[in-house]
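Here's the structure we're looking at; comments come further down.
Laboratory data are not the source of any read-out in this text; all were calculated from the coordinates shown. All figures in this text were calculated on a predicted structure; none of them were measured in a lab. Every residue, glycine as well, gets a Cβ built from its backbone with ideal geometry; the counts of neighbours run over all protein chains shown.
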């Protein structure tokens with residue numbers, strides 16, 4: 001891992017610890033795949049969801065690796081019930097190519113928690129922000145960013161945290 005990635009991971013971990021008692025996500029999960037078909041139906045009914053915004057790094061993949069095939073299958077299942085958009089503060093050609101193959105909008109360099117990426121995602125999906133769930137692993141970028149747009153939010157425990165503690 002590059003030094004700047006280590007620094008970013010450290011700052012992200014500290015920020016998450018500081019904000020977890022201040023920013024309250026609507027839902028909490030250890031892994032995105034916990035939002036299975038039944039859970040997704042429950043969330044749709046509970047929040048009247050029509051769309052979902054997915055973070056990439058720390059949520060769908062770890063350490064800038066490829067997105068795991070199980071998460072790809074999971075995303076394709078999501079598409080059966082909701083409009084899906086991937087929004088990231090990073091930029092990765094592999095993710096962009098994958099999103100194109102899955103016919104999903106990918107918004108790189110979103111500068112979350114700024115509103116620009118969230119607004120672009122809702123416009124692309126044609127969904128009111130109040131009917132969107134943001135799924136991510138960072139309290140500042142994902143939870144605060146989604147909340148300030150009036151979206152529902154779900155935090156995913158960052159599995160990098162576990163790996164670093166071992």
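If we sort 72-81, 112-121 on the protection proxy, mean other Cβ atoms within 10 Å, highest first, what's the order?
Top to bottom by mean Cβ count within 10 Å: 112-121, 72-81.
Could you tell me how far the Cα centroid of the stretch 110-152 sits from the Cα centroid of the stretch 9-72, in Å?
A separation of 12 Å, based on Cα centres.
Which value at 222 nm does the chain reach when only helices count, each DSSP H run of 4 or more adding -39,500 (n - 2.57), with the total divided by all residues and rounded to the nearest 500 deg cm²/dmol?
It comes out at -12000 deg cm²/dmol, rounded to the nearest 500.
How far is it, in nm, from the label point at residue 28 to the one at residue 93 when both lie 7 Å from their Cα along the line to the Cβ?
The modelled label-to-label distance comes out at 4.1 nm.
For the peptides 125-134, 16-25, what is the packing order when you average, over each peptide's residues, the other Cβ atoms within 10 Å and list the highest mean first?
125-134, 16-25
Working out 0.36 nm times the residue gap between residue 65 and residue 42, then minus their Cα-Cα distance, what length gain in nm do you get to one decimal?
Result for the pair: 5.2 nm of gain on full extension.
By how many nm would the segment from residue 14 to residue 77 lengthen if fully extended, with 0.36 nm per residue of separation less the alpha-carbon distance?
That pair, residue 14 and residue 77, stretches by 19.4 nm at full extension.
Go through (1) 14.6, 44; (2) 19.1, 62; (3) 16.2, 60 and flag the label whose value is the computed Rg and Dmax of the Cα atoms in Å for this structure.
Answer label, from the structure shown: (1).
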